[in-house]
1. Which sequence of 248, 151 reflects their accessible areas, 1.4 Å probe, from the largest down?
2. Of 12/287; 93/287; 186/287, which pairs sit farther than 29 Å apart, going by alpha carbon to alpha carbon?
3. Any chance you could look up the accessible area of residue 200 with a 1.4 Å probe, heavy atoms only, rounded to 10 Å²?
4. First check a/c for the stretch 146-298, with a ≥ b ≥ c the square roots of the eigenvalues of its C-alpha gyration tensor; if it is under 1.5, answer rounded, and if not, answer prolate when a/b is larger than b/c or oblate otherwise.
5. How much length would be gained if the chain were fully extended between residue 186 and residue 230, taking 0.36 nm per residue of separation minus their Cα-Cα distance, in nm to one decimal?
6. Which cross-chain or sequence-distant (5 or more) residues have an amide H under 5 Å from the amide H of residue 139, H modelled 1.01 Å from N in plane?
7. Determine the gain in length on full extension of the stretch residue 260-residue 287; use 0.36 nm per residue of separation and subtract their C-alpha separation, reporting nm with one decimal.
8. Gain in length, residue 62 to residue 13, computed as 0.36 nm per residue apart minus the alpha-carbon separation, to one decimal in nm?
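The values are calculated or read from the model by the stated rules, or taken from the named source; none is laboratory data. Note that the coordinates shown come from a computational prediction; the quantities given were computed from them, not determined experimentally. Quick reminder, even Gly has a Cβ in these numbers, built from the backbone with ideal geometry, and neighbours come from all protein chains shown. Ligands, DNA and RNA are excluded from the accessible area calculation, which covers all protein heavy atoms including side chains. Shrake-Rupley method; radii C 1.70, N 1.55, O 1.52, S 1.80 Å.
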Amino acid sequence: CAARPSEERTVKDLVRDCIREAWFAPVADVAAPRLLPRVSPSVTDAPRIKEAAYRLDPITRQVVDVVSAAGDDQTIGAVFAMALTEQDGKSRKAASARLRAQQHVAHLADHLVRLDGSRSDGKVTPQTTPDKHTIITGSLTEESASDVVMTLSAIRAFARSAPETVAPSLDVIAPYLRGDNGLDEKGESAAVQKAAEIIHAACSALPRPASASLAARCSPDLEKAALNSRGSAPTTAAVACLAALDATRSNTEAGRSLWRLAALCHDLLRRRRHVGRAALVLGCVAKDWACGLARGAPDDESEPSTLARMRDPHGAVFACVAREASSNDAAAAR
């Protein structure tokens, strides 16, 4: 019996070494991909990049294929974490593996940029969202659209296992929050959800000024994603990401985006418009306020902080719903 824990550690070490050797072994003269600026066609007329001869690094491609075959990047993320975590006396191996993981993510981000450049310029699809926001998107082939979603899944696995490997590539991921990625409705919802979860997981690895800057850039897109995305999963992911980013802002700015989103949803309920969506978002806001925002409230009540005006966010949010329910009951009674 005494030998069993030692045997278990030996098996874990063997599995860890196999994963590192297969996917995270140092490669001589790895050409770091040039991260090209990813732009949204709805906000710029700049020409997109077309390089048909580009091929994803074979080992990185294998990682994407494994994530695709598994169908669950959370499980693959746990496998990555085992390979990328430091052990007693083996911190050098883990550091080398994390460096290789960061190279994988850089290749994947560059692959996304090049896929975006493959959109057909002559074929555009206008889409109108529930808040009357109209977007014009170039289309992707079915194969490229599927590749975008699986590439985002692979990046999400890295974000969950080693957030610092994804942090340098977040500027490429952020535009996917806009929902104008040339995919069909289901693909857009999946892309928005995965992008929000990647940013949520990786923003903690950024220095505070960089994360606050990312929050300022992403907040408008996350608010729109929460209100306009199809299905509850992308909405939940968008609100959770918004809460995580809001927590990185200065004390007077923290929570402002969530409060603005809650106020908008309350207004929708008051006017009896998009009631189901507004109630879903309000529930997410109340749940995700616990992501460090309430704990960051200032002790000095004289400070003009959003947090100081919303000491009890759960009560404030659900009071909105309670008032609306009461008015509905009163109207029904009459």
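1. The ranking, largest first, comes out as 248, 151.
2. 12/287; 93/287
3. Looks like 70 Å² after rounding.
4. Oblate is the answer for the stretch 146-298, as a/c is 1.5 or above yet b/c matches or exceeds a/b.
5. In short, 15.1 nm is gained.
6. Distant-sequence amide H within range of residue 139: 120, 123.
7. Using 0.36 nm per residue and subtracting the Cα-Cα distance, I get 8.2 nm.
8. 15.4 nm
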